[in-house]
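Worksheet: the structure to be examined is printed underneath.
The values are calculated or read from the model by the stated rules, or taken from the named source; none is laboratory data. For clarity, every value in this text was computed on a predicted model and none was experimentally measured. Here the Cβ positions follow ideal geometry from the backbone for every residue, glycine too, while neighbour counts run over all protein chains shown.
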Amino acid sequence: MFENISTISDLLFLTTNHYGERDAFSYLKGGNMYSVTYSEFSQQVTAAAKSLILRGITNSKIALVSENSFDCLKWCFAVPLSGNVLVILDNMATIQEKAYMVEHSDTSCLIYSHLNQPFCDDTTKNNKSVQHTICIEEDAENHLNCESAVELEKTDGSELSYIFYTSGTTGKPKGVMQSQINLLRSSLYLSYSLKVKDSIFLILPLNHILPFANVVFSSMYSGGNLFISTGLKNLFMEMQEVRPYCTFLVPALLTYFDKMIHVTAQELMKISSLDQLTARKQACDQLLGGNLRIIVIGGAPLDLEIAKRMQELGILVLNGYGLTETCGSITVNPNDDNRLGSIGRINFNSGAKTKDGELLFKNPYLFKGYYKDSKATEEAFLDEWFLSGDLGYIEDNYAYIVGRKKNLIVLPNGKNISPEELELELMKIEEIGEVVVCQENGKLTAKVYSEHDRLIIRKKINAMNKMLASYKQIESVVFCEEEFPKTGSKKIRRGEI
């Protein structure tokens, strides 16, 4: 029924018509569980959109900065529904980084959460282009109960509606321009491969395109109930309460899940006669609610050993891949043909090929360009093909990644090294917390952050070297005293190490 979907208005109409009184979103607040039906969600979003028009906020850039919440999600729908462009800021960015995005995007209205009040104060003081501010918590009643007969702007969904700022590991973030039809259609094609049902657990931040488009829209397409988590602090308590069927994670979170399952299993084995696998299964059910069957991974390389351990517990780990420019996932491993090691099958209506080892993608719904940066937009394409910057190959319509083109290390002997390949091997050393491989002073160097014995780490790296080709062996190890700087999506900023 969603085959011709083009606009947020279409999505609200269709989901209300088919799923009306079914719960669409749930969240915990003050220790109580709240649920909102598809019909209620449509009414609240429409009211918020009309309230913007009544305030004279039209054809404008509206920046949104907030931690994940149901109220934040409503504005993600209401702003484009009102005919404005939503600029989604990284809630974890510094005030200076947020200020750059607001200025660069020509924002004239700021919607913010109470925790971002200092940023709002700084913005209204230093950026005179921002004429309107809306506090999500304090102004909710003024915007979410609008019954006016004001008409919403008609659209075919092809115009600019969203700007997502990339959290690049080098240089200034770029504003990726997206339309409603781009996000809706690409997420629909993802749902052809990825079958989810029942409750979905959302923990990834909404300022990234994967959780906003792929997770939220996929849940709505399936008529599911999406639970909006408050974050790591209450993670396992919430999962035990919600008992989700599916969640979307980055590899760092999957590693955290694996670690906590291991720790809990060890505690169970101390007080009972359980074998290790049984203890791990009980620990998994105890922590994750006992109903989790699918984890979708994106954003960084997947540790295959962790994926296999999770699958021993009855949880299918499906790796996917996408960029902000590709509207999130453009590949995903389908439920019925999961190939660990691959980033997934090319999504319906998309194409992929390689050129000089780089993965190139195309479909009708690639991004509309970088905001105010025509040069970078032109450089991102080879004819109609988007240059991903990732090195890899394609087999049987499944894509595989070996590293990032810009990270490629060219040795004096002409050999090419993908540092990500070595970093995955190094992270198998349990004493290593974080690692970056680079070339320094002509040597292949591992920069390591760890709180464990350095001599043990050096011995294990030497043992690992014996299993590698001579040109891939780590020649130097540098220990760092602090965790590495990261982007909002938890990717290491290599240029700052």
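Below are the figures for this structure:
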item: Residue check for I95: of a type in the set (A, V, I, L, M, F, W, C), touching a helix residue (DSSP H, G or I) at 6+ places or on another chain (Cβ under 9 Å), without any contact (Cβ under 8 Å) to a residue 40 or more places away in the chain and within 20 Å of K486 (Cβ to Cβ); result: yes
item: Pairs with Cβ under 6 Å, 6+ apart, first in region 261-285 and under 17 Å from R243 (Cβ atoms) and assigned by TED's automatic domain parsing to the domain that holds I306, second among the polar types (S, T, N, Q) and in a helix (DSSP H, G or I); result: A283/T264
item: Any chance Y321 is assigned by TED's automatic domain parsing to the domain that holds T255, more than 20 Å from the chain's Cα centre (by Cα) and hydroxyl-bearing (S, T, Y); result: no
item: Matching option when the condition is in the same structural domain as Y162 (by TED's automatic domain parsing), closer than 29 Å to K486 by Cα and buried (at least 17 other Cβ atoms within 10 Å of the Cβ), among I53, I57, I62; result: I62
item: Members of region 225-247 that are at pLDDT 95 or above and in a loop (DSSP other than H, G, I, E, B); result: S229, R243, P244, Y245
item: Residue match in region 110-122 (condition: over 24 Å from the mean Cα position of the chain (by Cα), among the small types (G, A, S) and surrounded by fewer than 22 Cβ atoms within 10 Å (Cβ to Cβ)); result: no
item: Check on D275, closer than 30 Å to T487 by Cβ, modelled with pLDDT under 95 and of a type in the set (D, E); result: no
item: Residues of region 422-470 classified as over 33 Å from the mean Cα position of the chain (by Cα), hydroxyl-bearing (S, T, Y) and surrounded by 13 or more Cβ atoms within 10 Å (Cβ to Cβ), total; result: 0
item: Some residue of region 286-309 being without any contact (Cβ under 8 Å) to a residue 40 or more places away in the chain, out of contact with any helix residue (DSSP H, G or I) (no Cβ under 8 Å at 6 or more places or on another chain), in a helix (DSSP H, G or I) and farther than 30 Å from G389 by Cβ; result: no
item: Set F386, F361, F367: member being touching a Phe, Trp or Tyr at 6+ places or on another chain (Cβ under 6 Å) and within 30 Å of E103 (Cβ to Cβ); result: F386
